[in-house]
Amino acid sequence: SDIWSAKGVKHIPRFDKNGELQYLDPIDLKQNEIEVKIEGKRKIITINDPALLSSMQRVGTGKSISWLNTFNTYFRNINTIFNPEFIITNFTRDLQTGLFNLSADHKSLSKQVLKNIVKAQLGIRSNIKGKDSEWARLYQEYKDNGGKVGWFDQMTLEDKTKNLESLLKKYKSKSMVGNSLRVVQKAVMDWNEMVEMGVRVATYKVLIDNGVSPKKSAQYSKNLTVNFNKKGEAGAVLNSLYVFSNAGIQGPARLFQMSKTKRGKQIIAGLVASGFIQSFLNRLVDDEEWEQYSDYDKDNYWLFLMPNGKSMSVKLPYGYNVFKATGGLLEEMMFGDLSFPDAGKRFLNTLDNGFNPFGGGSLLQVATPTVGDPFVQIYQNKNFFGGPIMPEQPPYSPKTIRTPSKNVAEWLNDVTGGSEDVSGLIDVSPETLDHLYEAYSGGVGKFVANFIENGTTLAKDGKFPALNNIPIVRQFAKESSEWTSSKIVYEMINESERKRFSKEQRQKFSRHINYMKKGEFNRKRYSKSEWLEYLNKLKDEMSQNQSSLK
């Protein structure tokens, strides 16, 4: 009663001159009253809470920026629901997040939920196909109780009308290509719905079995991970500028709720301990290989190193990765791989990637709306992870370029008056074209490009591609990267001009120089003797820089 109360609608009767009742005229509503229909009967709800009243009256909810909506819809689709790899990463992250949150609130129910997930997903598929089964009926009941999560945005009435008109035009179309694409789109979306709702429906069933009401079970399950139907007053505007900001805000908010419980604090401590133990065990398996894994993979995946240097991997949920990474950083500092300042810098970067709803990268990249990010990254020559887009001089990075990008860049240079020695009117690097392609074709474009390029390489050279470039497989398997050592060497040489290194840091530099000697990526650019001579020059440059600081 402190928040709201409900009552029936009072009417003032109106009569004609003969005393006949003409109609019933409802009284005027007060500012904090809302008229609704409950089971066909008119009711007035009086809202006493200002925040709730503001929300119900849609005051300050804001509208999205219309001209960005088309791009944002396209961008979300190519990176999520149309991307086959998203089905995998979305499921593994949702599963972990759901179980973490459920364990914090209802410790004893996690195992029951885990056993029901596959049944729930099959039931969801049956429901989508119009087939009948126990779990299909359960999913329908779950939806009827308000548990279905909208994919990304709630639309206004005008947006829904435009969307409906667009759909009608599409389905009236006789284009075979268009209709075929819609069939594929529907199939992928159905699979995504199975993945997105599986953990929630399994939780719904377990809660009901344990005596919780259907409506409360549906609401709890809906908010088990990110509930895309929720947004704040500025949510629509923010989400049109920064495409995944709603999920980026809700994820940390749900994590914060979990962390306030006693069990939640234990889960967080367990993640830190697990990160430490995992890093230590991987070091025992092969310390040289483990040191050459990228910081991003170490901080964002569960990695289980095998004797052959490859590792099994599972992607961590955003936010939770920070705690696992913290444990790994502590282990690396203990064994001298990281100095405290370097560990602090890496921790802040992980914190940025895990909790920043506007995306990571430089300050300018964070401030730039999603649609303009690729051009800012090209301007700064820094990708999302801070690495160079175009190769530095000298070429420390083993970055490869796609053959079509190379051909297009050469063609543009030639047709605008250029040659191998002289730049044409349009002289753009292949790396820039690669970056733009991957940015604006998203996960779908990268999936297709990797699939084609890997098949071509295998057929032409008979060489199996790197695990990190094989679609689907790259989400379950990782390997060390020569780029890691070259990046460390490059950064340390730049830093050596202004900072005196400790004994452990000098040893680290020498180790990574040796890793680069063993690598193969620059053997294609240089002969073995040229490559060794080049690396010796790097060592000399480091020594000279350090000597000048004495």
Give the residues of the stretch 418-460 that are under 17 Å from THR403 (Cα atoms), aromatic (Phe, Trp, Tyr) and surrounded by fewer than 16 Cβ atoms within 10 Å (Cβ to Cβ), sorted by residue number.
PHE451
Go through (1) under 37 Å from the mean Cα position of the chain (by Cα); (2) open to solvent by less than 30 Å² (accessible area, probe 1.4 Å); (3) closer than 24 Å to ILE389 by Cβ; (4) of a type outside the set (Asp, Glu) one by one and return the number of the condition TRP483 breaks.
(2)
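Could you pull out the residue among PHE256, PHE276, PHE228 that is aromatic (Phe, Trp, Tyr) and not in a helix (DSSP H, G or I)? Talk me through it step by step, then tell me what you get.
On the way: PHE256 fails: not in a helix (DSSP H, G or I); PHE276 fails: not in a helix (DSSP H, G or I).
Being aromatic (Phe, Trp, Tyr) and not in a helix (DSSP H, G or I) holds for just one of PHE256, PHE276, PHE228, which is PHE228.
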As an exercise: evaluate PHE82 against (1) in a helix (DSSP H, G or I); (2) open to solvent by 20 Å² or more (accessible area, probe 1.4 Å); (3) among the hydrophobic types (A, V, I, L, M, F, W, C) and give the number of the one condition it does not meet.
(1)
Inter-residue pairs, beta-carbon under 7 Å, first in contact (Cβ under 8 Å) with a residue 60 or more places away in the chain and in the stretch 489-510, second open to solvent by less than 50 Å² (accessible area, probe 1.4 Å) and of a type in the set (Val, Ile, Thr), 6+ apart:
VAL489/ILE513
Which ones in the stretch 320-361 are free of Cβ contacts under 8 Å to residues at least 24 places away in the same chain and over 19 Å from TYR293 (Cβ atoms)?
PHE340, PRO341, GLY344, LEU348, ASP352
Failed item, numbered, when SER543 is tested on (1) assigned to a loop (DSSP other than H, G, I, E, B); (2) of a type in the set (S, T, N, Q); (3) at pLDDT 90 or above:
(1)
Per the filter on the stretch 461-475, residues open to solvent by 40 Å² or more (accessible area, probe 1.4 Å) and part of a loop (DSSP other than H, G, I, E, B) are GLY462, LYS463, PHE464, ALA466, ILE472
In the stretch 230-258, residues that are open to solvent by 30 Å² or more (accessible area, probe 1.4 Å) and more than 30 Å from PHE71 (Cα to Cα) total 2
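Looking at the stretch 488-527 only, could you name the residues that are at pLDDT 85 or above and either among the basic types (Lys, Arg) or outside any helix (DSSP H, G or I) (or both)?
Going residue by residue through the stretch 488-527, those that are at pLDDT 85 or above are 488-516.
Hits for the stretch 488-527 are SER496, GLU497, ARG498, LYS499, ARG500, PHE501, SER502, LYS503, ARG506, LYS508, ARG511.
If you check LEU281 against the conditions, is it of a type outside the set (S, T, N, Q) and not in a loop (DSSP other than H, G, I, E, B)? I'd like the intermediate steps shown before the answer.
On the way: of a type outside the set (S, T, N, Q): yes; not in a loop (DSSP other than H, G, I, E, B): yes.
It is true that LEU281 is of a type outside the set (S, T, N, Q) and not in a loop (DSSP other than H, G, I, E, B).
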Taking the stretch 281-299 and keeping residues in contact (Cβ under 8 Å) with a residue 40 or more places away in the chain and buried (at least 17 other Cβ atoms within 10 Å of the Cβ) leaves ARG283, GLU289, TRP290, GLU291, GLN292, TYR293, SER294, ASP295, TYR296, ASP297, ASP299
Across the stretch 200-217, what is the number of residues that are farther than 14 Å from LYS148 by Cβ, assigned to a helix (DSSP H, G or I) and of a type in the set (A, V, I, L, M, F, W, C)?
4
Which condition from (1) open to solvent by 10 Å² or more (accessible area, probe 1.4 Å); (2) farther than 27 Å from ILE87 by Cβ is the one that GLY264 breaks?
(1)
Take MET306 and tell me if it is free of Cβ contacts under 8 Å to residues at least 40 places away in the same chain, in contact with a helix residue (DSSP H, G or I) (Cβ under 6 Å, 6 or more places away or on another chain), among the hydrophobic types (A, V, I, L, M, F, W, C) and over 22 Å from SER245 (Cβ atoms).
no
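The values are calculated or read from the model by the stated rules, or taken from the named source; none is laboratory data. Everything numeric here is computed off the predicted structure, so don't read it as measured data. Positions of Cβ are backbone-derived with ideal geometry, glycine not excepted, and every protein chain shown enters the neighbour counts. What goes into the accessible areas is simple: the full protein's heavy atoms, side chains included, and nothing from ligands, DNA or RNA. Shrake-Rupley method; radii C 1.70, N 1.55, O 1.52, S 1.80 Å.
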